[in-house]
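Undergrad: Encoded as structure tokens, here's the structure I'll be asking about.
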Amino acid sequence: MDAVVVQDLVKTYGPTRALDGVSLTVPEGTVLGLLGPNGAGKTTAVRVLTTLLRPDSGSATVAGIDVLKDPAAVRRTIGLAGQYAAVDDKLTGAENLRLVGKLYHLPKQQIAARADELLARFDLVEAGGRVVKTYSGGMRRRLDLAGALVNKPRVLFLDEPTTGLDPRSRLGLWEVLEDLVADGTTLLLTTQYLEEADRLADRIVVIDRGRVIAEGTSDSLKDEVGGSVLVVRAADPPQTEQAREVLARFGEVTDLTGGELQVQGGSVDLVRKAATALAKAGVEITDLALRRPTLDDVFLQLTGHAAEDEEGAA
Amino acid sequence: MTAALSDALAVTGRNLRRIRREPEVLFFSTVQPIIFVLLFRYVFGGAIKIPGLSYVDFLMPGIFVQTTAFASTGTGVALADDLSKGIIDRFRSLPMARSAVLAGRSLSDLARILFTVLVMVVVGVAVGLRFHQGLAKAVAAIALVAFFGFAFTWISAWIGLSVKTVEAANLAGFVWLFPLTFASSAFAPVNTMPGWLQAFAKATPVTPTVDAVRALINGGPTARPLLISLCWLVAITAVFSTLAVRKYRSIS
């Protein structure tokens, strides 16, 4: 059975079509990564699915319940952790979780126990009695996620759960999410980190400007882009232009972030030829490698811009 | 209904806990009216002569009403804060009563306003205020002041939900209260003002409320100002709670 079914969602803000006919499904017990740059419509989609926003048209069901017809029943079934850790920084961690438990109408005697259980699970036992203002960014996120789990939701929505976290906290959160999914929770997460989608998601839906532009597994998306690519980095930034001219003889050259150049259709033969040609032209290089496409390449190819290009734009 | 009530009380408890965690905010929010009391009582008190009444008895009802008006602005600021931090989104994604966020907010702010008024009563008594009409009328006076504050919290809630940022809520919530509370019978008799200002002062809810509180404390004709004040406060509560609830529902 599909835990989430979305059909043809449209939501406009004035002239902007935040959602321009999005359809997707998430089979029960799987992870869907909703990938896209800022302003692509990821958050809007999550807000519709979590009953915070009514779409202009289209339909959606979560755990078999119609989001538009019975939002109250959807709210009892889901957990949501939004883009900003929505925890009360003047309450303690434990108080935050107990408040959420109360508002989920858990039986009184279970509220404190459930809060303690979640604090333990998220490694917040010692911090549980402290005011959230004193927490680090990673701890706030973990508490926010714990809040989303108070009601043991069958379907969990996470909107950019690791944005702004340091790499170690991000890794920790990924492990927690993997445990949840292993326990059977269906997860829909949005991210602009391709690495995150690569690691966590069973299936990926790429959206851009309110439309689904690709979907599949991480591998199938990479295959769509094509085989390996050749990546070259010139020793001196001024020589990058020269390197580009040389490489253009072998195929289409695209710019990667950090001054790297990429040539489609990488092969061992190409590596040899390119190395020779670059040496002949007097271009010094620090790196020349054959690389399997990453989701970044997929994104670049699909949208014509990098995933994090528009950071801060929305 | 019981779920709606318990949800509202849960939110109230959360709001009151926040106030307790920041005693300095509560402290400083009472310091300002105390300074007003001292300034008016001792700077202007000698210059303003009220026939048949000591200035402190005249002044304190005005201070009570102004203090609650200013205190009501906290409602909008707190709602704008919750809105900008995503707390309201979290609440809206929970299976709780839709009314609970606003109901809880107005309950906790009523408690906060009552506390402030009681502090002002103590300060007033310390600088010479006396309740000349007995305990029952004194309680009625305090209740009317609290109702005035409660009505104004709904205006503030509507402003806070409309502007959505804490800074704007602060400014938009405050600025109009200065002319509204000063151009009234709160600090000086209305009949000493120029004609056009008298017309304004008499047409606001502040003057009849101050007059009624004053009459309940000091004596004098009570029924007419009390009735006008109650009409105002019921109307303000009805109109602005409707507007605030509508604004809350349209948040997306």
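Undergrad: Placing +1 on the Cβ of each Lys and Arg and -1 on the Cβ of each Asp and Glu in the protein assembly as shown, which of B:VAL210, A:TYR104, A:VAL271 has its Cα farthest towards the positive end of the resulting dipole?
TA: B:VAL210
Undergrad: Let me ask you something else. Stretched out fully, how many nm does the piece from A:ARG54 to A:ALA113 gain, at 0.36 nm a residue minus the Cα gap? It would help to have the intermediate numbers written out before the result.
TA: Numbers: separation 59, 0.36 × 59 = 21.24 nm, distance 3.50 nm.
In short, 17.7 nm is gained.
Undergrad: Continuing with the same structure: Taking 41 Å as R0, compute the FRET efficiency from the Cβ-Cβ separation of B:PHE28 and A:ASP183 and round it to 0.05.
TA: Numbers: r = 48 Å, r/R0 = 1.18.
Calculated transfer efficiency: 0.25.
Undergrad: Separate question: Under the √(5λ) rule applied to the eigenvalues of the Cα gyration tensor, what semi-axes describe the equivalent ellipsoid of segment A:82-214? Give them in Å, descending.
TA: Details: eigenvalues 144, 55, 35 Å².
Semi-axes (√(5λ), whole Å): 27, 17, 13.
Undergrad: Build a GNM of chain A with springs between Cα atoms under 10 Å: which of A:GLN262, A:GLN192, A:GLN242 gets the top mean-square fluctuation?
TA: A:GLN242
Undergrad: Next question, about the same structure. Give the Cα extents of segment A:227-292 along the principal axes, in whole Å, largest first.
TA: Taking max minus min along each principal axis of the Cα atoms, segment A:227-292 gives 29, 25, 18 Å.
Undergrad: Where does the protein assembly as shown land on Rg(C-alpha)/(2.2 N^0.38 Å)? Walk me through the numbers before you get to the answer.
TA: Values: Rg = 31.1 Å, N = 566, 2.2 N^0.38 = 24.5 Å.
Relative to the 2.2 N^0.38 Å estimate, the protein assembly as shown comes out at 1.27.
Undergrad: Just the number: Rg to Rh for segment A:205-263, Cα atoms, Kirkwood Rh, two decimals. Walk me through the numbers before you get to the answer.
TA: On the way: Rg = 14.9 Å, Rh = 13.4 Å.
The Rg/Rh ratio comes out at 1.11.
Undergrad: Could I ask something else about it? Could you sort B:TRP158, A:TRP174 by their accessible area in this structure, using a 1.4 Å probe and putting the largest first?
TA: Details: B:TRP158 85, A:TRP174 10 Å².
The residues order as B:TRP158, A:TRP174, largest area first.
Undergrad: So, with +1 on the Cβ of K and R and -1 on the Cβ of D and E, and no other charges, what is the size of the charge dipole of the protein assembly as shown about its Cα centre, to the nearest 20 debye?
TA: Values: 58 positive and 56 negative charges, 670 e Å.
Charge dipole of the protein assembly as shown: 3220 debye, to the nearest 20.
Undergrad: B:LYS164: which aspartates and glutamates have alpha carbons under 12 Å from its alpha carbon, excluding same-chain residues fewer than 8 sequence positions away?
TA: Qualifying aspartates and glutamates at Cα under 12 Å: B:ASP81, B:ASP82.
Undergrad: Once the other residues with Cβ under 15 Å from the Cβ of B:ASN170 are scored (Lys, Arg +1; Asp, Glu -1), what is the net sum? Don't jump to the answer; show the numbers that get you there.
TA: Values: positive: B:LYS164; negative: B:ASP81, B:ASP82, B:GLU167.
Residues near B:ASN170 contribute -2 overall.
Undergrad: Let me ask something else. Could you check which residue among A:VAL246, A:VAL181, A:VAL205 shows the biggest mean-square fluctuation in a GNM of chain A with a 10 Å Cα cutoff?
TA: A:VAL246
Undergrad: A further question follows. What spacing in nm lies between the two simple spin-label points modelled at B:ALA3 and A:ASP255, each 7 Å away from Cα in the Cβ direction?
TA: Those two pseudo-labels are separated by 5.6 nm.
Undergrad: I'd like to know which of A:THR294, A:VAL31, A:ALA113 lies farthest towards the positive end of the charge dipole of the protein assembly as shown, counting +1 on Cβ of Lys and Arg and -1 on Cβ of Asp and Glu.
TA: So the residue we want is A:ALA113.
Undergrad: Further question on the same structure: Determine the relative contact order of segment B:2-251: mean sequence separation of Cα pairs under 8 Å and six or more apart, normalised by residue count, in whole percent. Present the calculation step by step, with values, prior to reporting the outcome.
TA: Numbers: 319 pairs, mean separation 66.5, N = 250.
It comes to 27 percent, rounded to a whole number.
Undergrad: Tell me the relative contact order for segment A:44-126 as a rounded percent, counting alpha carbon contacts under 8 Å between residues six or more apart. Present the calculation step by step, with values, prior to reporting the outcome.
TA: Numbers: 53 pairs, mean separation 14.3, N = 83.
Dividing the mean separation by the residue count of segment A:44-126 yields 17 percent.
Undergrad: Kindly give the semi-axes, whole Å and largest first, of the ellipsoid equivalent to chain A, taking each as the square root of 5 times a Cα gyration tensor eigenvalue.
TA: On the way: eigenvalues 359, 106, 51 Å².
Gyration-tensor ellipsoid for chain A: 42, 23, 16 Å.
Undergrad: In a Gaussian network model over chain A where Cα atoms closer than 10 Å are linked, find which of A:GLY137, A:GLY147, A:GLY129 has the largest mean-square fluctuation.
TA: Of A:GLY137, A:GLY147, A:GLY129, the most mobile in the Gaussian network model is A:GLY129.
Undergrad: Which distance in nm do the two modelled labels at A:ASP8 and A:GLU28 give, with both placed 7 Å along the Cα-to-Cβ direction?
TA: For A:ASP8 paired with A:GLU28, the spin-label model returns 2.7 nm.
Undergrad: Quick one: how many Å² of A:SER59 are accessible to a 1.4 Å probe, rounded to 10?
TA: Accessible surface of A:SER59 is approximately 40 Å².
Undergrad: What per residue convex hull volume, in Å³, do the alpha-carbon atoms of chain B yield?
TA: Numbers: hull volume 33.4 nm³, N = 252.
Roughly 133 Å³ of hull volume per residue.
Undergrad: With every protein chain left in place, what is the accessible area per residue of segment A:2-222 in square angstrom, probe 1.4 Å?
TA: 39 Å²
The values are calculated or read from the model by the stated rules, or taken from the named source; none is laboratory data. Keep in mind that this is a model prediction, so the values were computed, not measured. Every residue, glycine among them, receives a Cβ derived from its backbone with ideal geometry; neighbour counts consider all protein chains shown. Ligands, DNA and RNA are stripped out before the accessible areas are found, and what is left, the full protein with its side chains, is counted by its heavy atoms. Shrake-Rupley method; radii C 1.70, N 1.55, O 1.52, S 1.80 Å.
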